[in-house]
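K.L.:
There's a structure below that I have some questions on.
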Amino acid sequence: MPKINQKVLMSGADYFNDEFAINVFMDSKIPVDVAKAIKEHDSIKNAFEEAGITVFQVPAPPDLQDGVYTANWGLTRSGKVLMSRLPNQRQPEEKYALEAVKGLGLEPLILPENVARFSGQGDALPCGDIVFTQSPFRTTKEAHPYMKDMLGYSEIISLETKPSRKLGGFGPVSYNKLTGLPNSPTYDIDLAICILRWPDEGNKGLVAYCPKVFKSSSRRFLKEYDKVDKIEVSESEALDVFALNMVSTGEVAIINNHAPKFEAELHKHGLKTITLDLPELRKGGGSIRCSSLTLDN
């Protein structure tokens with residue numbers, strides 16, 4: 001099996017906050033302990049290095065609360081980075097991300113103006129030559145063809161997860177007051193699905209996903225899709241502890257703790273696990289995968 005996620009980009013949690021509540025997990029009324037967030041971020045970096053991952057770290061973008069989530073800065077392949085187009089509150093990160101990838105010797109690729117939103121690897125997960133992506137929350141469908149045209153991926157799988165709704169889940173779709181975008185607990189697809197192994201000659205890839213967070217058409221597609229083997233994860237483990245917001249090397253999975261059923265399935269499939277406790281970072285709606293951008297896709 002090929003090793004994956006061998007090089008990642010991280011920043012820092014120095015300015016982490018949830019003052020600007022741009023997703024359903026953020027609550028500006030609940031204070032963030034930055035010192036704890038920094039320790040949690042350090043534990044992610046240490047776990048990566050324990051798993052054999054090389055971490056390239058840049059300083060945290062000054063005064064940008066979401067700058068810790070580098071996965072949203074772009075999507076990489078073969079030394080190129082398709083740069084993101086972030087929501088209004090995060091747009092100042094775009095310039096910083098551009099300089100960061102240039103500093104690493106990577107070639108930035110800029111989307112045309114007609115693409116309103118693209119959330120980078122947060123919303124586009126490569127599995128070999130396949131990319132699992134979604135719309136319409138942080139990435140619009142107009143972005144999907146450019147993953148193929150500009151980065152050369154052969155198969156773009158466009159999925160849809162469920163939006164948040166008012167009135168106990170039965171009313172109209174709710175919208176974020178700051179971004180104007182529809183709310184969803186899986187606003188980025190890296191909260192709904194994760195890549196555990198890439199396919200190679202004679203072997204399928206392996207992914208894990210939470211069926212209940214997907215719309216019925218996407219749920220049916222994933223159930224029938226036969227190019228990867230699949231682990232199904234419960235809604236409680238996916239959304240309460242962000243079990244799917246993890247990073248795998250193909251041999252070792254770095255995951256959030258308190259997801260015992262998912263961890264047991266990983267062991268059944270021959271993966272070792274490193275578990276982390278990251279409650280502070282989860283206040284921002286992100287965790288292990290969100291805090292790292294893979295550089296060696």
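K.L.:
Students often check this: by mean Cβ neighbours within 10 Å, which of 10-16, 62-68 ranks highest, and how do the rest follow?
P.N.:
Going by the mean number of other Cβ atoms within 10 Å, highest first, we get 10-16, 62-68.
K.L.:
Identify the chymotrypsin sites (Phe, Trp or Tyr not before Pro) of the stretch 200-297 meeting these criteria: DSSP loop state and at most 16 other C-beta atoms within 10 Å of the C-beta.
P.N.:
Y225
K.L.:
Find the centroid of the Cα atoms in the stretch 160-212 and in the stretch 255-278, then give the distance between the two in whole Å.
P.N.:
Using only Cα atoms to place each centre, the spacing works out to 20 Å.
K.L.:
To continue, here is another question. Could you tell me which of the pairs K148/K227; K3/K102; K204/K230; K80/K204 are separated by over 20 angstrom between their Cα atoms in the structure shown?
P.N.:
K3/K102; K80/K204
K.L.:
Which whole-number percentage describes the relative contact order of the chain, with Cα contacts under 8 Å and a sequence gap of 6 or more?
P.N.:
Once divided by the residue count of the chain, the mean separation gives 24 percent.
K.L.:
Tabulate in residue order the Karplus-calculated ³J(HN,Hα) for the stretch 87-94, using 6.51 cos²θ - 1.76 cosθ + 1.60 with θ = phi - 60°, rounded to whole Hz; enter x for Gly and Pro.
P.N.:
Using θ = phi - 60°, the values come out as x, 3, 5, 10, 4, x, 5, 4 Hz.
K.L.:
Where in the stretch 122-207 are there chymotrypsin sites (Phe, Trp or Tyr not before Pro) that are in a DSSP coil and have at most 16 other Cβ atoms within 10 angstrom of their Cβ?
P.N.:
Loop-located and lightly packed - F170.
K.L.:
Would you kindly derive the ³J(HN,Hα) couplings of the stretch 7-23 from the backbone phi angles with the Karplus curve 6.51 cos²θ - 1.76 cosθ + 1.60 (θ = phi - 60°), listing them in order in whole Hz, with x for Gly and Pro?
P.N.:
9, 9, 9, 10, 10, x, 9, 4, 10, 4, 6, 10, 4, 9, 7, 9, 9
K.L.:
Quick one: which residues, 5+ away or cross-chain, put their amide H under 5 Å from the amide H of Y175? H built at 1.01 Å from N.
P.N.:
For Y175, the qualifying residues are N183.
K.L.:
Out of residues 5 or more away from L196 or on other chains, whose amide H comes under 5 Å of its own, with H placed 1.01 Å from N in the peptide plane?
P.N.:
The list, which skips near neighbours in sequence, is L206, V207, A208.
K.L.:
Taking the stretch 1-74, which GluC sites (Glu not before Pro) meet the DSSP loop condition and have no more than 13 other C-beta atoms within 10 Å?
P.N.:
Working: sites: E19, E40, E49, E50; in loops: E19.
Here the sparse-neighbourhood loop sites are E19.
K.L.:
Taking N as the number of residues in the chain, what is its alpha-carbon radius of gyration divided by 2.2 N^0.38 Å?
P.N.:
So the chain has a normalised radius of gyration of 0.91.
K.L.:
In terms of modelled amide H atoms, which long-range or inter-chain residues lie less than 5 Å from the amide H of V81?
P.N.:
E107, L109
K.L.:
Here is a further query. Run through the DSSP bridge list for the stretch 63-130 and note the antiparallel percent, rounded to the nearest 5. Please list the in-between numbers first.
P.N.:
Numbers: 6 of 9 bridges.
Counting only bridges with both partners in the stretch 63-130, antiparallel ones make up about 65 percent.
Each reported figure results from applying straightforward, stated rules to the coordinates on display, with no laboratory input. If you're wondering where the values come from, they're calculated on a predicted model, not measured in any experiment. Note that each Cβ is placed from the backbone with ideal geometry, even for glycine, and that neighbours are counted across all protein chains shown.
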